[in-house]
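What follows is a set of notes on a single structure, which appears directly below.
Values quoted throughout were computed directly from the atomic coordinates according to the rules given, and no laboratory measurement underlies them. As the structure is a prediction and not an experimental result, all values here were calculated from the model. As a convention, Cβ positions derive from the backbone with ideal geometry for all residues, glycine included, and neighbour counts pool all protein chains shown.
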């Protein structure tokens with residue numbers, strides 16, 4: 001187990017280096033003046049350009065500059081933006097909100113997604129099954145920004161059931177609507193995955209055995225079938241959680257949630273390279289770590305899979 | 001932010017492929033040599049799939065929708081005679097009426113005409129990006145899978161790196177690096193979006209192709225071809241590719257709808273397609289500021305976009321079912 005984790009962590013190193021290199025190259029080394037528009041309508045004063053060029057190693061060959069950057073990262077220094085803001089602090093401020101939003105979204109996926117999947121999977125071909133199939137197909141095909149805008153219009157503005165925007169106060173209640181919108185796509189996949197997996201396992205031998213030895217229906221489905229059926233679902237939700245922790249640019253933008261997605265999008269459009277590289281590095285790391293965690297949970301859910 | 005394709009939709013199922021004789025090539029050879037043995041020629045996987053597809057209602061419905069959309073993209077004049085760029089500010093944000101079915105947008109342009117003309121950008125971006133990633137991903141995957149060893153290790157790690165960057169994020173970074181403005185010609189604007197999506201989009205195709213090629217290359221007919229002295233390129237193109245392409249075809253059909261969504265998302269964020277190009281994403285983004293007063297500005301392009309995506313998802317489902325005999 002320990003060796004497995006160690007090996008996985010080691011394998012992450014080249015991926016993280018490569019990914020940050022790609023991002024760094026895209027943000028810093030492509031044509032275009034990094035100082036364009038940085039100082040309002042007039043060109044930047046030479047002293048400023050010189051100071052910034054020195055600070056961000058802009059004169060170095062891009063690979064050299066990248067490794068200098070990587071060296072700083074290793075000591076936990078994410079650098080400062082052009083405005084002099086500490087990237088680390090900005091990320092720390094935005095992360096709790098994004099994490100909260102991701103948790104709300106995952107809660108919706110578990111409650112509604114798995115719930116609908118179980119209802120559909122237990123009665124294949126029934127009215128509920130067809131309802132789940134059709135509604136998930138519809139949800140999957142409506143882009144998130146359309147769902148977000150429409151729900152904001154009706155639930156938020158017209159009927160006033162939920163707050164339409166989040167703003168500075170990211171309380172759980174405020175995050176219900178954005179969380180649901182963020183979850184909508186994955187929710188549909190979770191429902192379908194649960195349904196397929198459950199329907200497959202209901203025909204398994206051990207379920208027939210459980211029924212034959214007279215176990216009550218609740219125990220057959222609740223313990224024997226569910227535990228095995230949920231393995232692929234847990235994998236999917238886990239991977240999705242990793243992706244959600246990377247921030248949701250569209251959803252956070254629509255509902256004005258002050259999270260990582262919003263931060264990244266603002267920095268990209270402002271060409272704030274330090275912030276973008278720092279944020280993307282963090283979220284790729286989180287994504288890889290969550291995936292590792294999911295694989296460990298997988299082994300615990302299904303003892304046949306061992307990480308010896 | 002993650003690619004909206006569930007793991008159960010990606011079909012790494014070429015388990016049935018290796019045992020098959022080279023399908024298409026075999027069929028053609030049989031026909032060329034004379035009709036006498038035609039009954040004995042095994043049907044190809046593609047032929048089987050096509051027979052199934054023609055009988056599937058899901059396929060027929062989605063294909064019909066897509067045909068209409070393609071017609072809309074190619075010849076918008078068939079559907080509307082109004083000029084989408086002839087706008088009258090006096091009509092700004094007028095609701096739907098008898099003369100303008102979908103109402104007018106902020107600039108007073110006819111929404112119906114603009115929605116019809118918006119199909120072109122979506123279809124173009126979707127098709128071009130899909131072709132691009134299918135080509136790049138297949139080449140990378142085929143080399144990695146066929147050569148194995150160091151080439152494989154190198155290409156696979158490269159794929160991993162590109163895979164770890166979220167697609168929407170990567171596309172936004174590329175587009176922010178090469179911004180389009182109102183003056184940029186339409187083909188350039190569209191080309192940039194295609195490139196931005198393609199840079200990170202090829203990884204799954206490469207992984208699919210690699211795993212199928214690894215299975216296929218051990219088949220007897222590949223050994224036989226090598227024994228007969230066929231060169232690497234001939235073996236790859238004539239013997240391996242036709243038998244390893246099915247999962248890529250299935251994935252490409254599904255991912256096409258995803259690219260349509262991503263294009264609209266990028267345009268919605270204001271960094272994808274730009275003003276002279278008419279796009280549903282731009283229309284929706286414009287409509288958001290007037291959501292409360294003029295919801296029709298959002299609902300019509302939103303509905304067209306959703307129906308397009310739905311059609312491609314249904315097509316992908318039907319194609320997957322037809323190509324994956326294990327599900328039958």
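Solvent-free Debye calculation, one equal scatterer per alpha-carbon of chain A: log10 I(q)/I(0) at 0.07, 0.15 Å⁻¹ equals -0.38, -1.21.
Can you give the FRET efficiency to the nearest 0.05 for residue A:60 and residue A:89, using r as the Cβ-Cβ distance and R₀ = 25 Å? Approximately 0.45, to the nearest 0.05.
Need one value for B:250-261: mean number of C-beta atoms belonging to other chains within 10 Å of its residues' C-beta atoms.
Other-chain Cβ atoms within 10 Å of each residue's Cβ, averaged: 1.
Using only alpha-carbon positions in region B:46-323, the gyration tensor eigenvalues give semi-axes of 42, 22, 14 Å once each is multiplied by 5 and square-rooted (largest first).
Calculate the length of the line joining the C-alpha centroid of region A:65-107 to that of region A:259-308, in whole Å. Taking the Cα centre of each part, region A:65-107 and region A:259-308 sit 12 Å apart.
Summary of packing: across the peptides A:165-172, A:220-227, A:285-292, B:262-269, the per-residue average of other C-beta atoms within 10 Å ranks them, highest first, as B:262-269, A:285-292, A:220-227, A:165-172. Annotation: extensible slack from residue A:7 through residue A:157 equals 48.9 nm (criterion: 0.36 nm per residue apart, minus Cα-Cα distance). Each semi-axis of the equivalent ellipsoid for region A:134-205 is √(5λ) with λ an eigenvalue of the Cα gyration tensor; in descending order they amount to 32, 14, 9 Å. A Förster radius of 60 Å combined with the Cβ-Cβ distance from residue B:195 to residue A:205 puts the calculated FRET efficiency at roughly 0.70. When peptides A:262-274, A:132-144, B:223-235 are sorted by average Cβ neighbour count within 10 Å, with the highest value leading, the order is A:262-274, A:132-144, B:223-235. In units of the compact-protein estimate 2.2 N^0.38 Å, the protein assembly as shown shows a Cα radius of gyration of 1.02. Could I have the simple spin-label model distance between residue A:135 and residue B:58, label points 7 Å from Cα toward Cβ, reported in nm to one decimal? Calculated label separation equals 2.0 nm. Report, in degrees rounded to the nearest 10, the 0 to 90 angle that the Cα long axis of helix A:273-301 makes with the longest principal axis of chain A. It works out to around 20 degrees. Helix A:176-201 and the longest principal axis of the C-alpha atoms of chain A enclose an angle of approximately 40°. On the beta carbon distance between residue B:249 and residue B:223, with R0 = 30 Å, the FRET formula returns roughly 0.75.
Summarise the partner chain shielding of B:167-180 as one whole number: the mean count of Cβ atoms from other chains within 10 Å of each residue's Cβ.
Rounded to a whole number, the mean comes out at 5.
In this simple spin-label approximation, residue B:50 and residue B:81 carry label points 7 Å from Cα along the Cα→Cβ vector, and these lie 4.0 nm apart. Inverting the pair-averaged 1/r between distinct Cα atoms of region B:75-199 gives 17.8 Å as its Kirkwood hydrodynamic radius.
Averaged over peptide B:273-284, how many Cβ atoms belonging to another chain are found within 10 Å of each residue's Cβ?
1
The angle between the Cα long axis of helix A:62-74 and the longest principal axis of the Cα atoms of chain A comes to about 60 degrees, rounded to the nearest 10.
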